[in-house]
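The values are calculated or read from the model by the stated rules, or taken from the named source; none is laboratory data. Computed from a predicted structure; not experimentally measured. Positions of Cβ are generated from backbone atoms using ideal geometry, with glycine treated the same way; all protein chains shown enter the neighbour counts. The area values use the complete protein model at the heavy-atom level, side chains included, leaving out ligands, DNA and RNA. Shrake-Rupley method; radii C 1.70, N 1.55, O 1.52, S 1.80 Å.
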Amino acid sequence: MDWNGDGFDDIIVGDREGFITFFERTGSGIDDLSSQGHLSASGTVIDVGANSSPIVVDWNNDGLLDLLIGNEASTQGIRLYLNSGTTTNPILTSWSYIQSEGSNINRYRCCPQVYDMNGDGKKDLIMGEDDGQIYYYENTGTDAAPVFSGYEAIQNNGSPLSLYYGTRLWVNDWDENGLPDLIVSDFDGFVNVFLANPVGVAEFSSSLIQTDFFVTPAMNPAQGNLNVNVHVSQVGNVDLRVYDSAGRLVSAKNLSGLSNGANVVTIDAGSIATGVYTVVVTSETDVSSCRMVLTQ
C-alpha cells in the first residue's frame, strides 16, 4: 500500500494503545523503512482508545486513500477518516462512524476489512471480533457511497464460523478460483484458511455457481498486460472492471463485441502499478470475478 504516492509500498500499523503508525518505505530494499510517527487528523494524533485496527482503502472513489479504523471498545464504533489532501500528501481531517441501518456499527475488538464479497462491483464490509465469529455487511448503496443494511454471520459447514476468540482476518482468493476466501487468526495463535463455498452470501450468489459465464486469468502472475479468459453464453452487454487492493477502479472497458463461448481479453496495464488486482466481469444477469497478480 503506497500511502504517500512515491511508488513504494508503505506500512500502516495499529497498536494496543490505539494509535496508528506510518512506516514509510524509502527504497526497494526490505529494510528501507522509516517510522514517521503516529498519524494525525486535524493536527491531533489519532487515538481510538485501544487495539486500533486500520484498513487503508479509497472509500469514496475520489482517487485518494482513506483510513478505516476498528478498535477495542464496543461503544466506539468504526471510524472513517476521509483524505482531503493529495495522492502524495495525504491529509486526514474529520471522521465519522460507519453505520448500518442508521446506527453505528459497534463490535468489541472489531477488525474490519473491505472487499467486494459478492462480485457486484461494490465494496462490502467484513469483520472479525472478540466473540470469534466473522460478520458480513453487504453494501446496498454504491461503490463510491457505501450503505449497509444489516449483517449476517459468515457460515462454515452450515453453522456460523467460530474460532476461539479475537478473530483477525484477511480476504484473498487463496485457491485462485475467483471466489473470496478467508485467512483468519485468533487468540490461540493459529492461522486458518477457509475456502469459499460457491453458493456464497449475497444478492448475486446464484451467478457464482453458473458455468456458462465466467472470467479466469489466462496467465497468473501476469507481466506487461492482464490477459483474462472470458466465457459468455450469449452475445450482449458485458462490462469489465479492474480494482486494486484498495478498492479503486483502475481500468474499465465494454466487452459487448464478444462472441459466444471462450474469449481472450487483454487489459493494457502500462499505467497500472505492480500488485494484486480483482477483475470483475458483468452482464445484464451474471457476474464473475478473479484475482490476478501483476509483476514487472
>> Which of the strands (runs of 3 or more DSSP E) found entirely inside region 180-296 contain at least 2 residues meeting this: open to solvent by 30 Å² or more (accessible area, probe 1.4 Å), charged (D, E, K, R) and modelled with pLDDT under 85?
In response: none
> Out of curiosity, is residue 280 touching a residue at least 12 places away in the same chain (Cβ under 8 Å) and in contact with a Lys or Arg (Cβ under 8 Å, 6 or more places away or on another chain)?
Replying inline: yes
> So which residues in region 125-158 are among the acidic types (Asp, Glu) and either without any contact (Cβ under 8 Å) to a residue 60 or more places away in the chain or touching a helix residue (DSSP H, G or I) at 6+ places or on another chain (Cβ under 7 Å) (or both), if there are any at all?
Replying inline: 129, 130, 131, 152
>> Residues that are open to solvent by 60 Å² or more (accessible area, probe 1.4 Å), at pLDDT 80 or above and touching a Leu at 6+ places or on another chain (Cβ under 8 Å): does region 164-174 have at least one?
In response: yes
>> For region 114-135, give me the residue count where each residue is closer than 21 Å to residue 54 by Cβ and crowded, with 19+ Cβ neighbours inside 10 Å.
In response: 13
